[in-house]
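Following: one structure in structure tokens, then a few remarks.
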Amino acid sequence: MKRKRVVVMGFMGSMPIAGVIWQHVHYIVGLQQLGHDVYYIEDSARIPYNAEAGDMTYDYEYAGKVLSKLAADFNFKNRWAFCARYLPENPSAGLPLKTIRQLYRDADAILNICGTQEFNDDLLASHRILYVESDPGVEQIKIDKETTSTIEYLRRHHALFTFGENVGTKRFPVPANGFEWLPTRQPVVTKLWKTNRSPKQAAVFTSIANWSTSGLKDITWRGRKYLWSKSREFLRFLAAPKKSGETFELATNIKDEPTREKFRRNGWRLRTPLDLSVDYWLYRDYIAHSKGEFTVAKDQYVRLNTGWFSDRSACYLAAGRPVITQETGFTRLYGGKAGLLAFRSLAEIADSVKMINADYSKHSRAARNIARDNFEASKVLKSLLDRARI
């Protein structure tokens, strides 16, 4: 592959949560592995979040410190910038605005990760902006509802990619309305998750989740409301530990004590996610020390049969930790047997736990193989650039 200049744009500086950070880092390192010149730019009017203080901050230097540390850890020193469009004169940390503008003009590709980058006149100098959607369903429904702002925004991209691998097919109920959606997956640099140690005897199935995000991207379509939250799905399968005869642990921020008590009565351990959110290496270690992952999917992904799969679950697989997760339509492409098991009912969860416990080594090896075969960053990103004709 010819060496390209690629700009990755996202929000890991303005929202420095470990899961968000790893999602972006895999793009940066994966593109580096392909031999490309990779830059990371945030250029936004969003007010940054200080993960340590737990509050928003106008201090763009905090985001700059986060990105500077990441650049040292993942080899993109002097190739990053945070431009604070929310302040007069658009000050920046890292690369100056003049260099950012030149990068936009010269880049062979600009990846708009999670579709979070708003446009400005500087960025629109490029005609090679690739939209990478991690949350399928909402944008497709907005298009079907003829939301002008969404349609105009998406049409300014050179190509549209989505984690919803059923989007644009007969398996997905929302019509494409003339838009071409190309399937993609979360890239994972599997060597960053490699561990030769089996989990300890006391290890349990875990997961990490933001408890309630409903309201942020909830949407009504054809008389039905679709929720952008996992909380309702977790409550639907609250009895999973009891049914499986296992302890499950959930690192999440449930504030309502009666709800917390319901979890505890059903065999769950609840853990504060704060330290995991702030420290991305601790987040990785938490996954590595788990027996596997048990999790659910957001209501939208399930009921719309999107074919979506979690970027965090892909990290569990890369660490050789089996995953039990809710079916969204992904099993027609991978998983469904050893290493990665899907469920629609409590009985299927119990069966999955039993299968993994009966031959853990087999399921651990299978998990790693699924990650390498389906999520390895070099494969996923080469395919993305090739299909975008970059």
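List of remarks:
- In a reduced charge model with +1 at each Lys and Arg Cβ and -1 at each Asp and Glu Cβ, segment 28-116 shows a dipole moment near 200 debye about its Cα centre.
- Panel values: segment 250-390, Kirkwood radius from alpha carbon pairs, Stokes-Einstein at 10 °C and 1.306 mPa s, translational diffusion coefficient 97 µm²/s.
- Charge dipole of segment 37-84 about the Cα centre (unit charges at C-beta), most positive-ward option of Gly64, Trp80, Ala45: Trp80
- Förster radius 41 Å - calculated FRET efficiency between Arg101 and Asp256 (Cβ-Cβ, nearest 0.05): 0.30
- Label-to-label distance for Asn177 and Asn75 is 4.3 nm, based on points extended 7 Å past Cα in the beta-carbon direction.
- Directionally averaged projected area (segment 88-231, Cα convex hull): 13.6 nm².
- Rounded to the nearest 20, the Cβ-based charge dipole of the chain about its Cα centre (Lys and Arg +1, Asp and Glu -1) stands at 1300 debye.
- Amide hydrogen neighbours beyond the local backbone of Arg269, cut-off 5 Å, H modeled: Phe248, Glu249, Leu250
- Highest GNM mean-square fluctuation among Arg224, Arg303, Arg344, for the chain modelled with Cα contacts below 10 Å: Arg224.
- Computing FRET efficiency as 1/(1 + (r/R0)^6) for Arg5 and Arg224, where r is the C-beta to C-beta distance and R0 is 56 Å, gives about 0.80.
- A 1.4 Å probe run over the chain, with the rest of the protein chains in place, finds 43 Å² accessible per residue.
- Each principal axis of segment 297-340 carries a Cα extent, and these read 29, 18, 13 Å when sorted largest first.
- Accessible carbon and sulfur surface of segment 211-269 relative to its total accessible area, %, 1.4 Å: 46 percent
- Given their separation in residues at 0.36 nm each and the Cα-Cα distance between them, Lys65 and Asn50 gain 4.3 nm when the chain is fully extended.
- Accessible heavy-atom area order of Lys255, Lys69, highest first, probe of 1.4 Å: Lys255, Lys69
- Rounded tilt (10° steps) of 346-358 against the dominant C-alpha axis of the chain: 90 degrees
- The chain - mean residue ellipticity at 222 nm from DSSP helices (-39,500 (n - 2.57) per run, n ≥ 4, rounded to 500): -10500 deg cm²/dmol
- C-alpha center-to-center spacing [segment 209-259, segment 120-188] in angstrom: 26 Å
- Note on Met56: accessible area approximately 100 square angstrom, rounded to 10, probe 1.4 Å, nucleic acids and ligands left out.
- On segment 1-157, 45 percent of the accessible area sits on carbon and sulfur atoms, based on a 1.4 Å probe.
- Distance in nm between pseudo-label sites at Arg389 and Arg197 (7 Å out along the Cβ direction from Cα): 5.0 nm
- Altogether, the Stokes-Einstein calculation at 20 °C and 1.002 mPa s, with the Kirkwood radius of segment 205-287 over Cα pairs as Rh, returns a diffusion coefficient of 152 µm²/s.
- By average C-beta atoms within 10 angstrom, highest first, the peptides 375-385, 310-320: 310-320, 375-385
- Residue (of Gly267, Gln201, Gly13) at the positive-pole extreme of the chain, dipole from beta-carbon charges: Gln201
- Simple spin-label estimate for Asp121 and Glu152 in nanometres, 7 Å along Cα-Cβ: 1.6 nm
- Cβ-based charge dipole, the chain, positive-most Cα from Leu192, Pro322, Tyr153: Pro322
- Rounded, prolate or oblate (a/c below 1.5 giving rounded, otherwise prolate when a/b exceeds b/c) for segment 1-102 by Cα gyration tensor: oblate
- Local charge for Leu87 was computed over the other residues whose Cβ lies under 13 Å away, with Lys and Arg +1 and Asp and Glu -1, and equals -2.
- Globularity ratio of the chain, using Cα Rg and 2.2 N^0.38 Å: 0.97
- Linear extension gain, Ala347 paired with Thr331, 0.36 nm per residue minus alpha-carbon span: 4.0 nm
- Members of Lys242/Lys354; Lys77/Lys191; Lys200/Lys291 lying beyond 19 Å, as alpha-carbon distances in this model show: Lys77/Lys191
- Average projection area in nm² (convex hull over Cα atoms of segment 49-103, one quarter of hull surface): 4.0 nm²
- Peptide ranges 293-299, 227-233 listed from the most packed, as the mean C-beta count within 10 angstrom indicates: 293-299, 227-233
The values are calculated or read from the model by the stated rules, or taken from the named source; none is laboratory data. Since the model is a prediction, treat every value here as computed from it, not as a measurement. Positions of Cβ are generated from backbone atoms using ideal geometry, with glycine treated the same way; all protein chains shown enter the neighbour counts. Quick note on the areas: whole protein, heavy atoms, side chains included, nothing else; ligands and nucleic acids left out. Shrake-Rupley method; radii C 1.70, N 1.55, O 1.52, S 1.80 Å.
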